[in-house]
Amino acid sequence: MLGGMQEPHKDALLKLRVKLIQDMLPDELLEHLTAKKVLTPYMQEKIQAKAVSFRQNSALLDLLPKRGPNAFFIFCAALRDTNQEHLAEQLEHQARSAAPEESVFPLSVEERGGRQRWREPCEGCIDDGDGPGSVSPASVDFYMSHHKQAYRMSSRPRGVCLIISNVLFSTPDLDCRHGGDVDLGVLKLLFFQLNFRVCERSNISAQEMISELDVFSRRPDHSQMDSCVVAILSHGVDGAVYGSDGQLVQLQDVFMKLDNAHCPQLQNKPKMFFIQACRGEETDRGVDQRDGREHVASPSCEQSDAGREDRRVRLPSQSDMICAYACLRGTVSLRNTKHGSWFIQDLADVFSKHAKDTHVADMLVKVNARIKRREGHAPGTEYDRCKEMSEYSSTLCRDLYLFPGFPH
């Protein structure tokens, strides 16, 4: 077994993954890596069988962290040998800038706006911290049989994805969100592969967050695209998230910026929100499951459509939105300082595997199921066996499929 590469090298590959996928020229690079035995001839053949350089680069970056402790250095040398020195320099700079004290960080902390409450010596993650794998494309048959009952999702790009990630805070009451940069890299890669134009802003104040959302809502190119995504990663409380200056931004104000009144270019188009932040101070202690089946009942509700008139169509102020939260109201969310938050890990893995044939609401149900199974491990503290439960709310009016890779 070759074993894995060092954490700073894996982190550098993850943080620069989107750029590497976009910019690398794989043909000669693969030859060099095979000659140096980082790749086997079979691996090279399998990578080259992929139709486009984007998928070849993605497959190569999936393999590299598992190809031994020297794979990073050989990879950088191969980049230089193939006239891609600028990429090698960026990778080496990123690896050098990794915090040397990273190994002493606790492996899990709450996302609350306060001090670290507990540490977890061993918290498993889905993909060993290397980010999501390649997004599986939708088939032509699936697209043809499902697109008519779903939101239109064929523009290239699908839409703009704005990610606001606050990791460092200027107030002592808010701790550094160690592991937040991993979440940012994972989401950038995920939505890039889902064919969104990704924009990011990091460590910005509450007023800068509002200003950024104002600019985002007024983008004229929304009218040519079929959807949009907003992801906010920060500390938070119920109904609000923190700017880097310790001031709060109300989530209702975030939603309002993209509603039917304030962003007419996105009327009747799906708008997706992902919120990685605490929503309160309570730690979910969980309960023991009782014996027997789960029983769920929901009352029916019928609404009247009487009194319609033929007049100009009106829209509710907010519609066609879906928002996924890392945790329930009043509770804290959990984050692994090496591999990122539970919620973003599971979100990225589910979307990369299932977006090809599952609509977004059903994928979020799968995320909920994964989060439900997770459990904190902190023996000897009141936080041992802590739980988290993600949830989503929706005003979607049709199925929302992302149809990755289609039309080709």
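In table form, for the structure just shown:
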| read-out | value |
| --- | --- |
| Some residue of segment 302-318 being modelled with pLDDT of 80 or more, open to solvent by 10 Å² or more (accessible area, probe 1.4 Å) and either touching a Cys at 6+ places or on another chain (Cβ under 8 Å) or assigned to a strand (DSSP E or B) (or both) | no |
| So Val182, is it surrounded by 15 or more Cβ atoms within 10 Å (Cβ to Cβ) and part of a strand (DSSP E or B) | no |
| Out of Ala77, Ala51, sole residue that is hydrophobic (A, V, I, L, M, F, W, C), out of contact with any helix residue (DSSP H, G or I) (no Cβ under 7 Å at 6 or more places or on another chain) and open to solvent by 50 Å² or more (accessible area, probe 1.4 Å) | Ala51 |
| The one condition in (1) of a type in the set (Lys, Arg); (2) surrounded by 18 or more Cβ atoms within 10 Å (Cβ to Cβ); (3) under 25 Å from Glu200 (Cβ atoms) that Arg67 fails to fulfil | (3) |
| Top-ranked residue of segment 267-283 - restricted to ones that are outside any loop (DSSP other than H, G, I, E, B) and in contact (Cβ under 8 Å) with a residue 60 or more places away in the chain, ranked as farthest from Val215 (Cα to Cα) | Gln276 |
| Contacts under 8 angstrom Cβ, first residue in segment 184-200 being closer than 14 Å to Gln276 by Cβ and modelled with pLDDT of 90 or more, partner part of a strand (DSSP E or B) and among the aromatic types (Phe, Trp, Tyr), 6 or more apart | Leu187/Phe274 |
| Boolean, Leu20 is under 25 Å from His339 (Cβ atoms) and in a helix (DSSP H, G or I) | yes |
| Lys188, sole failed condition from (1) open to solvent by less than 20 Å² (accessible area, probe 1.4 Å); (2) not in a strand (DSSP E or B) | (1) |
| Residues satisfying the stated conditions in segment 222-239, i.e. of a type outside the set (Val, Ile, Thr), modelled with pLDDT of 95 or more and more than 16 Å from Val167 (Cβ to Cβ) | His222, Ser223, Gln224, Met225, Asp226, Ser227, Cys228 |
| Conditions (1) without any contact (Cβ under 8 Å) to a residue 24 or more places away in the chain; (2) at positive phi: number failed by Pro264 | (2) |
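For (1) part of a strand (DSSP E or B); (2) hydrophobic (A, V, I, L, M, F, W, C); (3) open to solvent by less than 10 Å² (accessible area, probe 1.4 Å), each residue gets a yes or a no:
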| residue | (1), (2), (3) |
| --- | --- |
| Ser145 | no, no, no |
| Arg152 | no, no, no |
| Cys161 | yes, yes, yes |
| Ser170 | no, no, no |
| Asp173 | no, no, no |
| Asn195 | no, no, no |
| Ile204 | no, yes, yes |
| Ser211 | no, no, no |
| Asp214 | no, no, no |
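The values are calculated or read from the model by the stated rules, or taken from the named source; none is laboratory data. Here the structure is a predicted model, which means the values were calculated and not measured. We place every Cβ from the backbone using ideal geometry, glycine too, and count neighbours over all the protein chains shown. Note: areas computed on protein heavy atoms with side chains; ligands, DNA, RNA excluded. Shrake-Rupley method; radii C 1.70, N 1.55, O 1.52, S 1.80 Å.
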